[in-house]
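For reference, the structure discussed in these notes is given below.
The values are calculated or read from the model by the stated rules, or taken from the named source; none is laboratory data. Predicted model only: the values in this text are computed from it and were never measured. Don't worry about glycine lacking a Cβ; one is built from the backbone with ideal geometry, like all the others, and counts go over all protein chains shown. Each accessible area value is taken on the protein alone, full model and side chains, heavy atoms only, with ligands, DNA and RNA left out. Shrake-Rupley method; radii C 1.70, N 1.55, O 1.52, S 1.80 Å.
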Amino acid sequence: MKRIKKIWHWIDDRSGYSDYVVPLMKHIVPRDARWWYVFGSATLTAFFVQVLTGICLAMVYVPGGDEAYMSLKYITETAFMGHIIRGMHYYGASAMVMLTVMHMMQVYLHATYKYPREMNWMSGVVLMMVVLGMAFSGQLLRWDDNGVWSVMVASEMAARVPFIGSWLSHFIFGGETVGGSTLTRFYVFHVFIMPAIIFAGIGLHMVLLLRHGVSEMPNVDQPVDPATYREDYEARLKKTGVPFWPDAMWRDVVFSTVVVVGILLCAIFFGAPSLSTPPNPSNIHSNPMPDWYFWWYFTILSTLPSNLETWIILGSPVLGFLILLLVPFFSNKGHRAPSKRPWSVGIIVFGVTSFVLLTIYGYYKPWSPDFGVTPLPESVIGVSEGPVFEGGNLVYKKGCLYCHHIDGHGGHRGPVLSNIGQKLTRQDLTIRIMNGGYNMPSFAGSMSSEDLSHIVDFLLTRKEEDSTEPAQ
Amino acid sequence: MNPESQAESSGCDACEQCDQRRSFLTKLTLGLSGLIGAIMVLPGVAFILGPVVKKKKEVWRPIGSLDDFKIDDDFSLVTYEDPSPVPWSGVTAKSGAWVRRISDTEFKAFSITCRHLGCPVRWLSGPELFMCPCHGGVYYKDGTVAAGPPPEPLHTMQIRVVKGEVEIKTIPVPLTTTPLKESDV
Ligand code: FES
């Protein structure tokens, strides 16, 4: 026993554990923080899950043209525990993105970014951007057809940058098209560069946390006054503070446990995301779709007026980043309590609601033609022969159903045609089909007059059951 | 003894020669550090930017014999190899185009890349339209935009027939800011 103690003393003395690490662990923190402050540490835990599972995946994953897809198939289908590790990496990414955003929302709501913690916030904003970069590049490393077309979309966006656009695109491709050099670029970003930035960023974030101390919960009676804040804070902490370890840390550990167990359970029960077809850039049956946390952005890109598009594609990430980064400079003193900053609550509510709505919209993507439509059944057409029947078949053959919905069949891009016979006359319909209209192609060059007349005959029969209005 | 006290004891702080020496050593250290940095970084930057400055290659690739293409209104999908694939590209070296034979010698070909944000467009022979699955871009059979967000028509590719073999001229991915070259239209 004595010997062990002696050895420990030697290690402690030479490493400085008691002098450096213990005081850090036991630094005094406010006692009122409770469960509000668990998101930051849980983000860190999720990052460790990503690092560890990422290292495991990198032992098998081959970042090469064909091999990446094959090695991922091997990891998922054959390797021992492979689907769990890949699943953990996938759900860990979702957790990390979600927790980063939740942490940021909490900090914003409680105005913790105010004096003297401006730089804590700014380092957090940079970290969040890199986390989103990790999420995007990670999705590409799946290197199935979705991965290939996501690179294509990314480099087309980069191409919109004035003057250096096409250079940027070719830099992203690692050539003039998607190819063998493309994936390795993203691999390097995902595995070396961005994790290094995250490690450094977390280091800075931690140093700043220790330098300025954990903030107290906002109190309406304690607005931030930079002239006296530090003194007041120290005094209050001396009176009511508790050591981080173990008085406050246990909550972080409990919440992190919930997060890690959640990631594991998702990996076990839902498994790793399925791979679509191999990364063949000539495969036109691909339906590229980002991971769920980018669906909101996908919706924005799909619904933008085209004259604003380039500005928003290029400007919104830069502007968004700058606005977030500079939040502390809009106001770094005064009240922190949400009750005194109702607009901050409004911004959070607006942000979350927009995110949810845009995400749902992105999931259904009603702006896309539905390539999976099937011909209208006879029960919908209503007759089994004659021009109306022909017209009912033609709305499928001529592609109307890709965009228009008729009695439970067809896509959602264009207006529903279930009652169109009540709304438009024969002449209106003919003109609309021949000339096209807002976001509708003209069919003048691709439809015979006989087909047109059959389609119009059919459309004029589309009325509500109890409608008595005669078609004109 | 630390350097400061050493300097103090030798009175070097006030010595002009020492000041000069220090200023020289500061410059030397900063200069050499810069040189080390440049030696480490510049070749790497040049290496990484290689693909950007490399001269773009356009080559003719075979896509089938003349008999494989019937004269009609329909486009068929052809695949061909990129102009300069790396040996490990595998399936990623492939590119695609929609090709239609108009007459004995005349062809029409479009790149499959949507001019909005690059998704692969599909030819639908019923409505005679190209449709994009991503954001709802639609093009007519002559490649012009029929609906949706694409700002430019589909990129036309060149086709030639050499001794009964049909060939397509490869292109870099058509980027929306890339001006169309006369020769490609
Ligand atoms: S990429 Fe085709 S419509 Fe957006």
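Here A:Pro317, A:Pro278, A:Pro328 are screened, and the one residue that is more than 13 Å from chain B (Cβ to nearest Cβ) and open to solvent by 50 Å² or more (accessible area, probe 1.4 Å) is A:Pro317. Residues that are touching a Phe, Trp or Tyr at 6+ places or on another chain (Cβ under 8 Å) and in a loop (DSSP other than H, G, I, E, B) were ranked within the range B:107-125; the one that is most open to solvent (accessible area, probe 1.4 Å) is B:Ser125. Here the condition is being away from the ligand (no atom under 16 Å from the Cβ), touching a residue at least 12 places away in the same chain (Cβ under 8 Å) and at the interface with another protein chain (Cβ under 7 Å from one of its Cβ atoms); of B:Asp82, B:Asp72, B:Asp104, B:Asp68, it holds for B:Asp82 alone. Listed here are the helices (runs of 4 or more DSSP H) enclosed by the range A:18-123 that have at least 2 residues being under 14 Å from A:Ser215 (Cα atoms): A:38-58, A:82-109.
Picking from residues in the range A:19-38 that are out of contact with any Phe, Trp or Tyr (no Cβ under 6 Å at 6 or more places or on another chain) and open to solvent by less than 40 Å² (accessible area, probe 1.4 Å), the one that is farthest from A:Glu234 (Cα to Cα) is A:Ala33. When the range A:118-156 is filtered for residues that are within 8 Å of another protein chain (Cβ to nearest Cβ) and buried (at least 22 other Cβ atoms within 10 Å of the Cβ), the ones remaining, listed by number, are A:Val148, A:Trp149, A:Met152, A:Ser155, A:Glu156. Going by the conditions given, is A:Met1 open to solvent by 90 Å² or more (accessible area, probe 1.4 Å) and within 14 Å of chain B (Cβ to nearest Cβ)? For A:Met1, the condition - open to solvent by 90 Å² or more (accessible area, probe 1.4 Å) and within 14 Å of chain B (Cβ to nearest Cβ) - is not met. With respect to the stated conditions, B:Trp60 is of a type in the set (Phe, Trp, Tyr), more than 16 Å from the ligand (Cβ to nearest atom) and either touching a residue at least 12 places away in the same chain (Cβ under 8 Å) or more than 26 Å from A:Thr184 (Cα to Cα) (or both). Is it the case that B:Ser89 is buried (at least 23 other Cβ atoms within 10 Å of the Cβ) and at the interface with another protein chain (Cβ under 8 Å from one of its Cβ atoms)? The answer is yes for B:Ser89.
Checking each residue in the range B:109-141 for being at pLDDT below 95 and more than 16 Å from the ligand (Cβ to nearest atom) picks out B:Ser125, B:Gly126, B:Pro127, B:Glu128, B:Lys141. For residues that are under 23 Å from A:Asn280 (Cβ atoms) and within 7 Å of chain B (Cβ to nearest Cβ), scanning just the range A:157-170, find the one that is surrounded by the most Cβ atoms within 10 Å (Cβ to Cβ). Among them, the one singled out is A:Ser169.
The single condition among (1) outside any loop (DSSP other than H, G, I, E, B); (2) within 14 Å of another protein chain (Cβ to nearest Cβ) that A:Phe458 does not satisfy is (2).
Just one of the numbered conditions (1) within 25 Å of A:Ala111 (Cβ to Cβ); (2) in contact with a strand residue (DSSP E or B) (Cβ under 7 Å, 6 or more places away or on another chain) is not true of A:Tyr402: (1). Scanning the range A:17-52 for residues that are free of Cβ contacts under 8 Å to residues at least 24 places away in the same chain, among the hydrophobic types (A, V, I, L, M, F, W, C) and either more than 16 Å from A:Ala196 (Cα to Cα) or not assigned by TED's automatic domain parsing to the domain that holds A:Pro246 (or both) yields A:Val21, A:Val22.
Hey, does the range A:387-406 have a residue that's in a loop (DSSP other than H, G, I, E, B), farther than 21 Å from B:Pro120 by Cα and open to solvent by 50 Å² or more (accessible area, probe 1.4 Å)? No. The set of residues from the range A:213-228 being within 18 Å of A:Gln106 (Cα to Cα) and part of a loop (DSSP other than H, G, I, E, B) comprises A:Gly213, A:Val214, A:Ser215, A:Glu216, A:Met217, A:Pro218, A:Asn219, A:Val220, A:Pro223.
Residues in the range A:373-401 that are charged (D, E, K, R) and within 11 Å of chain B (Cβ to nearest Cβ): A:Lys397, A:Lys398. The selection criterion, being modelled with pLDDT under 95 and at negative phi, does not hold for A:Arg230.
Residue pairs whose Cβ atoms lie under 7 Å apart, separated by 6 or more positions or on different chains, with the first residue in the range A:298-327 and in contact (Cβ under 8 Å) with a residue 12 or more places away in the chain and the second within 16 Å of the ligand (Cβ to nearest atom) and among the aromatic types (Phe, Trp, Tyr), are A:Thr299/A:Tyr361; A:Ser302/A:Trp367; A:Thr303/A:Trp367. Filtering the range A:427-449 to residues that are assigned to a helix (DSSP H, G or I) and in contact with a Ser or Thr (Cβ under 9 Å, 6 or more places away or on another chain) leaves A:Thr430, A:Ile433, A:Met434, A:Asn435.
Taking the condition touching a His at 6+ places or on another chain (Cβ under 6 Å), within 14 Å of the ligand (Cβ to nearest atom) and either under 30 Å from A:Leu401 (Cα atoms) or not in a helix (DSSP H, G or I) (or both), does B:Pro153 pass? For B:Pro153, the condition - touching a His at 6+ places or on another chain (Cβ under 6 Å), within 14 Å of the ligand (Cβ to nearest atom) and either under 30 Å from A:Leu401 (Cα atoms) or not in a helix (DSSP H, G or I) (or both) - is not met. Under the condition of being part of a helix (DSSP H, G or I) and open to solvent by less than 50 Å² (accessible area, probe 1.4 Å), the residues counted in the range A:261-275 number 4. Scanning the range A:296-307 for residues that are of a type in the set (A, V, I, L, M, F, W, C), within 15 Å of the ligand (Cβ to nearest atom) and part of a helix (DSSP H, G or I) yields a total of 3.
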